[in-house]
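What follows is a set of notes on a single structure, which appears directly below.
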Amino acid sequence: MLKNFGRFIVHNPWKVIAVWLVLLVGSFFAPSLADQVSTDQASFLPSSYESVQAQQVSERAFGQGAGASATIVVKRTNGQPLGTADTERVGALAQTLAGAGIDRVAGAVTGPQAVSPNRQVQLVNIALTGAPADPVLGDSVKSIRDKTAAALDGSGLSYAVTGDVAFLVDNQGAFDTALVVVSIVTLVLVVGLLLLIYRSPVAALLPVVVVGVVSAVSSAAIALVVKAFGMQVDQSLTTILTVVLYGVGTDYIVFLLFRYRERLRAGDASKPGLAAAVNRVGEVIASAAAAIVIAFGALLLAVFGGFRSLGPGLAIGVVIMAIAAVTLVPAIVSLIGTKVFWPSKSWQRTPKGSVFQRLGRLTGRRPALVAVAAGGVLVVLALGVFSLKVDYDQVGQLPAGTESARAVEDLKAGFPAGALNPTTVYVRSDNGQRLDPATLGGFAQSLARVPGVGELMPGPDGNPATISSDGTVAQINLLLATSPYSKTALDLAGDDLRQAAHAQAPPATTVLVGGISSTFADIRAANNRDLWVIFPVAGVLIAVILALLLRSLVAPLYLMLAVGLGFVATLGATVFAFQGVGNRAGLSFSLPIILYLFVVAIGTDYNILMIARLREEARAGHDPRTAARLAIAHGGPSVAAAGLILAGTFTSMLFAGVSFLTEMGFAVSVGIVLSAFVMSLFFVPAVTALLGHKAWWPGHGDATTAKPMPATTEERALETV
């Protein structure tokens, strides 16, 4: 089927290109993917979690989402304590903001209680109405910043506006900047590496054109799906999608061009050679894309909506990219022919004595040594996993220069770490009766005595509990002794404090613990659950794809074992780099699952390409060790080139300026390098050579289908990067 498909594409290029042009034009009329993005992590949690239920109670009783906040941190520019004139100036600022008519600002409060005991900082707490991710609140924070700057101009006071809404505003700005930086760096890296490999501007620009078309079409398709099913999209999707499309797309194009060049060197004419390349590589691309789609699709099993929405979006992009790789790319190459390699003439001659020929001979002669050495590298790196710590600190994810991050540092000069994000306890009457203020006061004091709670934060009226207008819901604010994002705070808000609150709840009431620490405690629980579900499901499904491709049960087992070991080694190397050398508190909580999917799914591409070549050489009549030698000599250049390019594209994330994207860029780059240059080039061929015919049981995929190739054919087919 692929043989006829390849011929049709090669001989009807204008029809294929016309279809893609129609899709490209249609994409301009589709909804914008950027409009479907959510920046609020809490919005991705299902309603069964307590923090979400607390937010719902807050919205009904007080007209605001739990955790929605804006806080102005004011201090003197010279570092001296605040004087009476300074506190009066800050009080005037609060009155100005309260009467400024800023949308969604219900009031601004400060006073003696908002001045730190050492008088280094003073807070202005802004009452906001609405959920933190509401775009209108983002505009409100920008207005607050503008009016604060005008009010404090020339006063000798400096300010910084922070809080959950401000975090989201600054976070979105950081991700928007990251998208621009990553796109530019990715483009430069892809073009530069392809120029180095092919010495041809045409071949270097081909992925840019194709990925540009696919990016527009896939973004439109994802937006349509997201809108149709009412899904939410994490803000990192647009940045990650750009890198994935450039990386995966360039990989598939490299696979095709290397095979096309091999057929030209073997004496085929341009169009028959291109059709043969589509036939040979089409199965590999289809299987590789299927592995990625299944791995990403496994994210649909996640309960955390950020993961659940990320998977289908990336899967759609990969499917469209794979289709383009076997349709649009060969159609374009069919029109320009061998000029795709212009001005280089290297496609006309076969390099001799290539490094991959030498590596192939080494693996063929000493497969056991090569397998042990490659496996040993992975095991050593994997040891870093034992030191892994997970970090949920959203402030730490922001670039240090953002106003929100600066405000947090200023706040620490005078207040407890938890002052910025109080943990909010809601008491709701079960029978509709009004709550008793005295009982609520006693309950609030008992919560303040829970180990780990710093102090009780009185409401605007000075009472320990703020009661709703109908008297059926009360809000109690607690300041934790540690950072609201720390492991200690998450353990407290998600466990000990909840247990104490539930156990000591006033009669005929329901108590719910909300706030940012409670939210991230629930996100952590959802994340841990998702790891245990998604990892094995994705692994099993990818193994099924490999089994169907290879008609074997043995080969998929050691391939997945290699991929799993590669994942652990990659995570260990990232721990060494960031927790060890970088001295960070931990890795971003979403990194392990994202890394698993990228390393397992995308890294499997190279294993598929190599194992397919091993089978091809075995079918040509070669013994297992000779097949390993020839597979590395023939397939090694395309695996190395594709791995180098894909790792290079993810390296672009190191320049993003966002902690999570930096970690992801490093980790995935290392994972791809290990997948391509350790597993695919050495470990997989070596183990396959050692197992021999057993590797293909029970399907006998290595059964001879042709006479052994003459030695001169092997020499002609050898190619190098």
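The values are calculated or read from the model by the stated rules, or taken from the named source; none is laboratory data. Since the model is a prediction, treat every value here as computed from it, not as a measurement. Cβ coordinates were reconstructed from backbone atoms using ideal geometry, including for glycine residues, and neighbour counts include every protein chain displayed.
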Only one residue in 218, 270, 287 is closer than 19 Å to residue 24 by Cβ and in contact (Cβ under 8 Å) with a residue 60 or more places away in the chain. Which one?
-> 218
Under the condition of being modelled with pLDDT under 90 and of a type in the set (Lys, Arg), which residue from segment 491-531 is nearest to residue 476 (Cα to Cα)?
-> 524
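Can you tell me how many residues within segment 75-115 are part of a helix (DSSP H, G or I) and either outside the structural domain of residue 150 (by TED's automatic domain parsing) or closer than 20 Å to residue 419 by Cα (or both)? Explain how you work it out, then say what you get.
The initial filter retains those residues of segment 75-115 that are part of a helix (DSSP H, G or I), namely 84-98, 112-114.
Filter once more, keeping what is either outside the structural domain of residue 150 (by TED's automatic domain parsing) or closer than 20 Å to residue 419 by Cα (or both): 87, 90-91, 94, 112-114.
Of the residues in that region, 7 qualify.
For residue 298, indicate whether it is modelled with pLDDT of 90 or more and either in contact with a His (Cβ under 6 Å, 6 or more places away or on another chain) or in a helix (DSSP H, G or I) (or both). Show your work before the answer.
On the way: modelled with pLDDT of 90 or more: no; either in contact with a His (Cβ under 6 Å, 6 or more places away or on another chain) or in a helix (DSSP H, G or I) (or both): yes.
When the stated conditions are applied, residue 298 does not pass them.
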The residue that is modelled with the highest pLDDT, considering only those in segment 671-714 that are surrounded by fewer than 15 Cβ atoms within 10 Å (Cβ to Cβ) and of a type in the set (D, E, K, R), is 694
Pairs, first within 12 Å of residue 46 (Cα to Cα) in segment 516-528, second of a type in the set (Phe, Trp, Tyr) and surrounded by 24 or more Cβ atoms within 10 Å (Cβ to Cβ), C-beta under 8 Å, six or more apart = 523/304; 523/392; 526/304
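Could you tell me whether any residue of segment 601-612 is more than 19 Å from residue 211 (Cβ to Cβ) and aromatic (Phe, Trp, Tyr)? Walk me through it before giving the result.
Step one: filter segment 601-612 for residues more than 19 Å from residue 211 (Cβ to Cβ), giving 603-604, 606-612.
Still in the list and also aromatic (Phe, Trp, Tyr): 606.
There is at least one residue in segment 601-612 that is more than 19 Å from residue 211 (Cβ to Cβ) and aromatic (Phe, Trp, Tyr).
Here is a check on your reading of the model: is residue 584 at pLDDT 85 or above, charged (D, E, K, R) and either outside any helix (DSSP H, G or I) or surrounded by fewer than 24 Cβ atoms within 10 Å (Cβ to Cβ) (or both)?
Numbers: at pLDDT 85 or above: no; charged (D, E, K, R): yes; either outside any helix (DSSP H, G or I) or surrounded by fewer than 24 Cβ atoms within 10 Å (Cβ to Cβ) (or both): yes.
No.
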Filter pass, residue 646 being surrounded by fewer than 24 Cβ atoms within 10 Å (Cβ to Cβ) and assigned to a helix (DSSP H, G or I) | no
Is one or more of the residues making up segment 7-27 part of a helix (DSSP H, G or I), modelled with pLDDT under 80 and within 30 Å of residue 227 (Cβ to Cβ)?
-> no
Restrict the check to segment 134-151 and report whether at least one residue is surrounded by fewer than 18 Cβ atoms within 10 Å (Cβ to Cβ), among the polar types (S, T, N, Q), at pLDDT 90 or above and not in a loop (DSSP other than H, G, I, E, B).
-> yes
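What number of residues within segment 485-528 are among the polar types (S, T, N, Q), surrounded by fewer than 17 Cβ atoms within 10 Å (Cβ to Cβ) and assigned to a helix (DSSP H, G or I)? Full working, then the answer.
Of segment 485-528, the ones among the polar types (S, T, N, Q) are 486, 488, 499, 504, 509-510, 517-519, 527-528.
After this cut, where a residue has to be surrounded by fewer than 17 Cβ atoms within 10 Å (Cβ to Cβ) as well, the list is 488, 499, 504, 510, 528.
Subset that is assigned to a helix (DSSP H, G or I): 488, 499, 528.
Number satisfying all stated conditions: 3.
Working carefully through the options 557, 548, find the one that is at pLDDT below 85, surrounded by fewer than 16 Cβ atoms within 10 Å (Cβ to Cβ), under 30 Å from residue 669 (Cα atoms) and not acidic (Asp, Glu). Show your work before the answer.
Working: 557 fails: at pLDDT below 85.
Only one candidate passes the filter, namely 548.
State whether one or more residues within segment 44-56 are in contact with an Asp or Glu (Cβ under 6 Å, 6 or more places away or on another chain), closer than 29 Å to residue 393 by Cβ and modelled with pLDDT under 80. Before you say what the answer is, go through the steps one by one.
Of all residues in segment 44-56, those in contact with an Asp or Glu (Cβ under 6 Å, 6 or more places away or on another chain) come to 45, 49, 51.
Keeping just the survivors that are closer than 29 Å to residue 393 by Cβ gives 45, 49, 51.
After this cut, where a residue has to be modelled with pLDDT under 80 as well, the list is 45.
Yes, segment 44-56 contains a residue that is in contact with an Asp or Glu (Cβ under 6 Å, 6 or more places away or on another chain), closer than 29 Å to residue 393 by Cβ and modelled with pLDDT under 80.
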Give segment 547-594 a look and list any residue that's more than 30 Å from residue 697 (Cα to Cα) and basic (Lys, Arg), or say none.
-> 584
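So, residue 450, is that one more than 34 Å from the chain's Cα centre (by Cα), buried (at least 16 other Cβ atoms within 10 Å of the Cβ) and either assigned by TED's automatic domain parsing to the domain that holds residue 109 or assigned to a loop (DSSP other than H, G, I, E, B) (or both) or not? First the steps, then the outcome.
Values: more than 34 Å from the chain's Cα centre (by Cα): yes; buried (at least 16 other Cβ atoms within 10 Å of the Cβ): yes; either assigned by TED's automatic domain parsing to the domain that holds residue 109 or assigned to a loop (DSSP other than H, G, I, E, B) (or both): yes.
Judged against the criteria, residue 450 is a match.
Name the residue, out of 640, 618, 633, that is crowded, with 22+ Cβ neighbours inside 10 Å, modelled with pLDDT under 90, in a helix (DSSP H, G or I) and out of contact with any helix residue (DSSP H, G or I) (no Cβ under 6 Å at 6 or more places or on another chain).
Working: 618 fails: out of contact with any helix residue (DSSP H, G or I) (no Cβ under 6 Å at 6 or more places or on another chain); 633 fails: out of contact with any helix residue (DSSP H, G or I) (no Cβ under 6 Å at 6 or more places or on another chain).
Every option except 640 fails the conditions.
Do we find that residue 330 is out of contact with any helix residue (DSSP H, G or I) (no Cβ under 6 Å at 6 or more places or on another chain), in the same structural domain as residue 22 (by TED's automatic domain parsing) and not hydroxyl-bearing (Ser, Thr, Tyr) in this structure? Even if it seems obvious, please write down each step before you answer.
Numbers: out of contact with any helix residue (DSSP H, G or I) (no Cβ under 6 Å at 6 or more places or on another chain): no; in the same structural domain as residue 22 (by TED's automatic domain parsing): yes; not hydroxyl-bearing (Ser, Thr, Tyr): yes.
Against the criterion (out of contact with any helix residue (DSSP H, G or I) (no Cβ under 6 Å at 6 or more places or on another chain), in the same structural domain as residue 22 (by TED's automatic domain parsing) and not hydroxyl-bearing (Ser, Thr, Tyr)), residue 330 does not qualify.
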Just checking, which of 571, 654, 661 is at pLDDT 80 or above, hydrophobic (A, V, I, L, M, F, W, C) and assigned to a helix (DSSP H, G or I)?
-> 571
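Here's the yes/no breakdown for (1) surrounded by fewer than 19 Cβ atoms within 10 Å (Cβ to Cβ); (2) part of a loop (DSSP other than H, G, I, E, B); (3) touching a residue at least 24 places away in the same chain (Cβ under 8 Å):
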site: 384; (1), (2), (3): no, no, yes
site: 393; (1), (2), (3): no, yes, yes
site: 407; (1), (2), (3): no, no, yes
site: 414; (1), (2), (3): no, yes, yes
site: 428; (1), (2), (3): no, no, yes
site: 435; (1), (2), (3): no, yes, yes
site: 440; (1), (2), (3): no, no, yes
site: 455; (1), (2), (3): yes, no, yes
site: 461; (1), (2), (3): yes, yes, no
The condition from (1) crowded, with 17+ Cβ neighbours inside 10 Å; (2) modelled with pLDDT under 90 that residue 343 misses is numbered (1)
What number of residues within segment 181-239 satisfy the criterion of being crowded, with 19+ Cβ neighbours inside 10 Å, touching a Gly at 6+ places or on another chain (Cβ under 6 Å) and at pLDDT below 80?
-> 4
Looking only at segment 570-581, decide whether some residue is within 23 Å of residue 243 (Cβ to Cβ) and without any contact (Cβ under 8 Å) to a residue 12 or more places away in the chain.
-> no
By residue number, the members of segment 471-490 that are closer than 18 Å to residue 54 by Cβ and either under 31 Å from the mean Cα position of the chain (by Cα) or free of Cβ contacts under 8 Å to residues at least 24 places away in the same chain (or both) are 480, 484, 485, 489, 490
